[in-house]
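Here's the structure, in structure tokens; my notes come after.
The values are calculated or read from the model by the stated rules, or taken from the named source; none is laboratory data. Model, not experiment: these values are computed from the prediction. Neighbour counts are summed over all protein chains in view; Cβ atoms, including those assigned to glycine, are modelled from backbone coordinates with ideal geometry. For accessibility, only protein heavy atoms count, side chains too; no ligands or nucleic acids. Shrake-Rupley method; radii C 1.70, N 1.55, O 1.52, S 1.80 Å.
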Amino acid sequence: MSTGEKFVQMLIAIGLFFGVVAVILLLTQRLRSRRGELIQSAAFVLPAVLLICVGLLYPALDTIYQSFRNAAGNEFVGLDNYQTIFTDSALIRVLVNTAVWVVVVPLASTAIGLIYAVLIDRAKFEKFAKALIFLPMAISLVGASIIWKFVYDYRQTSDAQIGIANAFLKALGFDTYRFLLNEPWNTMFLIVIMIWVQAGFAMTILSASIKAIPDDIVEAARLDGASGLQLFRQITIPSIRPSLIVVLTTISITTLKAFDIVRTTTGGNFDTSVLAYQFYVESFRSFNQGLGAALAVLIFVLVMPIVIYNVRQMRKLEAR
Amino acid sequence: MTTADPNAMSVESVVAKETASSTAHKALTSPWASIVAVVIAILWTVPTAGLLITSFRPEEDITSSGWWTIFTSPKFTLDNYDQVLNGPTALSTYFVNSIVITLPAVIIPVCIATMAAYAFAWMKFPGRDFLFVAVFALQIVPIQVTMIPLLSLYVKLGLTGAEAPGGGFYTIWLSHSIFALPLAIYLLHNFMSQIPGELIESARVDGAGHVQIFSRIMLPLMAPAIAAFGIFQFLWVWNDLLVALVFGGGSPDVSPLTARLAELSGTRGQDWFLLSAGAFVSLVVPLIVFLSLQRYFVRGLLAGSVKG
């Protein structure tokens, strides 16, 4: 397809969509009877409900069903796929990696975001300083991965370095290091990329919540002779606790589902695969439908409690 | 306050101006605390700056010396950008794909969700509360869980491949729209239900129907909320890789920039003159959107972060 044809297709799709919506609204706008109002409600709600049923509900149920079936999806195998996940050594490695990601990324991003938010609060260049950290949020994970792959670029110690991390090592007199290849630390260096992306999110939310702490609480604590660090520990931290929890859980959810970094940097090689990437490999590379489905269900099961907790905290936060 | 002179600030009012953060800030403003802030700021900017500078350096320079040597021997070129856009990597094609994917994938779900949110907030029909809770609850479904059945459904409906209507774009548009709905409906519903009921009631007494109330009262009032979600969805779709890979199938006709870049990173991982320029071709649009509409984005950020 040529560029022009693509734009024409796009305009057709948007036009078609608005046409349908306009027809629905015009046809139902004169209805005033009780039955008419019901039809009107249906016109407003049904497009969304139908799309969700077809595109979310049915596929989710089907995937759960497929997770109990074999690679080709034509035979019932009970819990075999789940057993494979928890016994196959390569997949256990995937689970361990995922656990490390989900623990380290939220904690590190939140800690860095919090420290930075406090340090630059009311500083002269606060807005600018915030934008520096926040900018990676607008970048795709693919872009972030390429940026960091270049930082980690490896050359032999004797050669001129083009990756700044190894140039730094060399300047300090160390040998250069294969950041993305050497196990087990390579997973950590991938995690750094995710921390780099997520810290800005943590910083923004926490900074807003620090600014919302009422002055009189701080005033009272100061009159009682609390020192700065005591204030931070005993006033700031407890006051922003709900936001801290929301930030931590939100980043865990994002981390659990992210597969872009692993795919772009190492392709899951050198023992760096995580659950979300392994799902992609089994489903769309190895065509092991059953195992892929089981991995997807596992992500679902792991994400569910965090999301529920997250939403409850968020509602509390909103209610305040 | 005991003094009548507005210019003389009492001790209390000065102290009260200090907030928790500023006190903590002061306590931590030892020299090393400033160093920590500066180090963080440097760590967060240098990687991007390095690749940006690299994208403007001649190919042979990139492979023979670090980008930081640019400060002693500056030498710039636009060749890399010319190469990635018009050379065999053909990023301009993928750039077009990204735009063609993103616009409908933002407009369609935002419209559908706004209508549904209005109905859930202000129309009366049986099963309303149950339906709303169900839609809300479906936010927890990760998109991975839906992909294989959805893909086979598309194949059955004949929506995949270059011969399909829209050249195969419909699968990507539909998928993004569907995945956006639960969150969009929930968020917009939250905003809509805050609008005073008297406003709706008086409009109804004056003889306005739901369609008029929706289009004349609700849409203008909702504009900031819709913008916030729209920007969020825009960045999400533009930066997405998984949906594009699964439903675009890697075809150059429909794959966006992210898919092409991920592929280049695998096949031409050492060709930094391509990767650096390519990365910035894909970054420039979200960065512009983000920088110009940051205000809205931050507002939608917290609420939108559990998506997908």
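Could you check segment B:228-246 and list, in sequence order, the residues that are more than 27 Å from B:PHE191 (Cα to Cα) and either aromatic (Phe, Trp, Tyr) or at the interface with another protein chain (Cβ under 8 Å from one of its Cβ atoms) (or both)? Steps first, please.
Here is the first cut: in segment B:228-246, the residues more than 27 Å from B:PHE191 (Cα to Cα) are B:241-246.
Within segment B:228-246, B:LEU241, B:LEU242, B:LEU245, B:VAL246 meet the criteria.
Consider only pairs whose beta carbons are under 6 Å apart and that are at least six residues apart or on different chains; among these, list those whose first residue lies in segment B:214-238 and is open to solvent by 40 Å² or more (accessible area, probe 1.4 Å) and whose second residue is among the aromatic types (Phe, Trp, Tyr).
none
Quick one: which helices (runs of 4 or more DSSP H) lie wholly within segment A:244-320 and hold at least 2 residues that are open to solvent by 10 Å² or more (accessible area, probe 1.4 Å) and more than 8 Å from chain B (Cβ to nearest Cβ)?
Values: elements: A:260-265, A:275-284, A:289-319.
Because the criterion is at least 2 residues that are open to solvent by 10 Å² or more (accessible area, probe 1.4 Å) and more than 8 Å from chain B (Cβ to nearest Cβ), the helices (runs of 4 or more DSSP H) in segment A:244-320 that meet it are A:275-284, A:289-319.
Just to be sure before I move on: is B:GLY269 surrounded by fewer than 24 Cβ atoms within 10 Å (Cβ to Cβ) and among the small types (Gly, Ala, Ser) in the structure I sent?
On the way: surrounded by fewer than 24 Cβ atoms within 10 Å (Cβ to Cβ): yes; among the small types (Gly, Ala, Ser): yes.
Yes; evaluated as a whole, the condition is true for this residue.
If you go through segment A:203-243, how many residues are within 18 Å of the chain's Cα centre (by Cα) and more than 8 Å from chain B (Cβ to nearest Cβ)?
Going through segment A:203-243 one residue at a time, the tally reaches 3.
Select from segment A:84-99 the residues that are of a type outside the set (A, V, I, L, M) and within 22 Å of A:ILE306 (Cα to Cα) and write down the one among them that is surrounded by the fewest Cβ atoms within 10 Å (Cβ to Cβ). It would help to see each step written out before you state the result.
The initial filter retains those residues of segment A:84-99 that are of a type outside the set (A, V, I, L, M), namely A:84, A:86-89, A:93, A:97-98.
Next, only the ones that are within 22 Å of A:ILE306 (Cα to Cα) stay: A:86, A:97-98.
Numbers: A:PHE86: 11, A:ASN97: 23, A:THR98: 22.
Restricting to residues being of a type outside the set (A, V, I, L, M) and within 22 Å of A:ILE306 (Cα to Cα), the top hit is A:PHE86.
Consider A:ASN81 against the criteria (1) more than 12 Å from chain B (Cβ to nearest Cβ); (2) over 30 Å from B:SER65 (Cα atoms); (3) open to solvent by 20 Å² or more (accessible area, probe 1.4 Å); (4) more than 23 Å from the chain's Cα centre (by Cα): it satisfies all of them except one. Which criterion is unmet?
Going through (1) more than 12 Å from chain B (Cβ to nearest Cβ); (2) over 30 Å from B:SER65 (Cα atoms); (3) open to solvent by 20 Å² or more (accessible area, probe 1.4 Å); (4) more than 23 Å from the chain's Cα centre (by Cα) one by one, A:ASN81 breaks only (3).
Suppose we keep only residues that are of a type outside the set (D, E, K, R), touching a helix residue (DSSP H, G or I) at 6+ places or on another chain (Cβ under 7 Å) and surrounded by fewer than 23 Cβ atoms within 10 Å (Cβ to Cβ) within segment B:69-93. Which one would you say is farthest from B:PRO252 (Cα to Cα)? Don't jump to the end; show me each part of the working.
Going through segment B:69-93, the residues of a type outside the set (D, E, K, R) turn out to be B:69-74, B:76-78, B:80-81, B:83-93.
Cutting the leftovers down to touching a helix residue (DSSP H, G or I) at 6+ places or on another chain (Cβ under 7 Å) gives us B:70, B:80-81, B:83-86, B:89, B:91-92.
So of that shortlist, the ones also surrounded by fewer than 23 Cβ atoms within 10 Å (Cβ to Cβ) come out as B:70, B:81, B:83, B:85-86, B:89, B:92.
Numbers: B:ILE70: 35, B:TYR81: 19, B:GLN83: 17, B:LEU85: 14, B:ASN86: 14, B:THR89: 10, B:SER92: 11 Å.
Once the filter is applied, the top-ranked residue is B:ILE70.
If you check A:LEU95, A:LEU57, which single one turns out to be assigned to a helix (DSSP H, G or I) and closer than 30 Å to A:PRO184 by Cβ? So that I can check it myself, show each step before the final result.
Details: A:LEU57 fails: closer than 30 Å to A:PRO184 by Cβ.
Going through A:LEU95, A:LEU57 in turn, just one is assigned to a helix (DSSP H, G or I) and closer than 30 Å to A:PRO184 by Cβ: A:LEU95.
Give, as residue ranges, the helices (runs of 4 or more DSSP H) completely inside segment B:1-69 that count at least 3 residues that are within 10 Å of chain A (Cβ to nearest Cβ) and at pLDDT below 75.
Where helices (runs of 4 or more DSSP H) fall fully within segment B:1-69 and carry at least 3 residues being within 10 Å of chain A (Cβ to nearest Cβ) and at pLDDT below 75, they are B:11-16, B:20-28.
Being open to solvent by 20 Å² or more (accessible area, probe 1.4 Å) and over 14 Å from A:ARG263 (Cα atoms) is the filter here; which residues of segment B:240-252 pass it?
Step one: filter segment B:240-252 for residues open to solvent by 20 Å² or more (accessible area, probe 1.4 Å), giving B:245, B:249-252.
Scanning segment B:240-252 gives B:GLY249, B:GLY250, B:SER251, B:PRO252.
Restricting to segment B:192-213, what's the tally of residues that are more than 14 Å from chain A (Cβ to nearest Cβ) and open to solvent by 30 Å² or more (accessible area, probe 1.4 Å)?
Filtering segment B:192-213 down to residues more than 14 Å from chain A (Cβ to nearest Cβ) leaves B:195-199, B:201-202.
Now drop any that are not open to solvent by 30 Å² or more (accessible area, probe 1.4 Å), which leaves B:196, B:198-199, B:201-202.
Looking only at that region, the number is 5.
Could you please tell me which pairs satisfy a Cβ distance under 8 Å, a separation of 6+ or placement on different chains, a first residue in segment B:163-183 that is facing chain A (nearest Cβ under 7 Å) and within 15 Å of A:LEU11 (Cα to Cα), and a second residue that is among the β-branched types (Val, Ile, Thr) and outside any helix (DSSP H, G or I)?
Pairs found: B:GLY167/B:VAL254; B:PHE169/B:VAL254.
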